[in-house]
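Following: one structure in structure tokens, then a few remarks.
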Amino acid sequence: MAYTELWLEMRSSDNSFRVVLLTPVDFEMPDGFTLGDIQNFLPDKKLYYSEWVPSIAKAKDSMDAASRFYNERAIHFLYFREIRPGQKKSGD
């Protein structure tokens, strides 16, 4: 069964937060997410990122909106209630 994973990342340099989606290549994406420039180790999935925001509450709102997007389309997803360290990528 194909599914999307959602979690938060924190950038320690300024305590900003963003939502990360790990999603199958052919899944529809909610607005406000950009394809990451880091290739993950799962070739059939892609990483998408929201913008960095200064508030965990705003990041959680964005994550909740993404989960509603998938729920409304009957797409399976895993919603991780955790904050992972931010990945280093160009422009951060």
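Tell me which residues, restricted to region 46-75, are open to solvent by 80 Å² or more (accessible area, probe 1.4 Å), free of Cβ contacts under 8 Å to residues at least 12 places away in the same chain and in a helix (DSSP H, G or I).
Of everything in region 46-75, those that are open to solvent by 80 Å² or more (accessible area, probe 1.4 Å), free of Cβ contacts under 8 Å to residues at least 12 places away in the same chain and in a helix (DSSP H, G or I) turn out to be D61, R68, N71, E72.
Among the residues of region 1-32, what is the count of those that are in contact with an Asp or Glu (Cβ under 9 Å, 6 or more places away or on another chain), of a type in the set (A, V, I, L, M, F, W, C) and part of a loop (DSSP other than H, G, I, E, B)?
Result for region 1-32: 2.
On the given criteria, is P30 open to solvent by less than 30 Å² (accessible area, probe 1.4 Å), closer than 22 Å to M1 by Cα and modelled with pLDDT under 95?
Answer is yes for this residue.
The conditions are (1) in contact with a Phe, Trp or Tyr (Cβ under 9 Å, 6 or more places away or on another chain); (2) closer than 20 Å to A2 by Cβ, and G86 fails exactly one of them. Which is it?
Exception for G86: condition (2).
Looking at region 16-27, is at least one residue at pLDDT 90 or above and among the acidic types (D, E)?
No.
When you scan region 76-84, do you find a residue that is more than 13 Å from the chain's Cα centre (by Cα), assigned to a loop (DSSP other than H, G, I, E, B) and surrounded by fewer than 16 Cβ atoms within 10 Å (Cβ to Cβ), even just one?
The answer is yes; a qualifying residue exists.
Please work out which one of (1) in a loop (DSSP other than H, G, I, E, B); (2) at pLDDT 90 or above is the condition P43 fails and give its number.
For P43, the failing item is (2).
Could you list, in sequence order, all residues of region 9-35 that are within 12 Å of the chain's Cα centre (by Cα), in contact (Cβ under 8 Å) with a residue 24 or more places away in the chain and under 22 Å from R73 (Cβ atoms)?
Within region 9-35, V19, V20, L21, L22, T23, P30, G32, F33 meet the criteria.
The values are calculated or read from the model by the stated rules, or taken from the named source; none is laboratory data. Predicted model only: the values in this text are computed from it and were never measured. Note: ideal-geometry Cβ built from the backbone for every residue, glycine included; neighbour counts use all protein chains shown. For the accessible areas, the whole protein counts, side chains as well, though only heavy atoms, and no ligand, DNA or RNA atoms are used. Shrake-Rupley method; radii C 1.70, N 1.55, O 1.52, S 1.80 Å.
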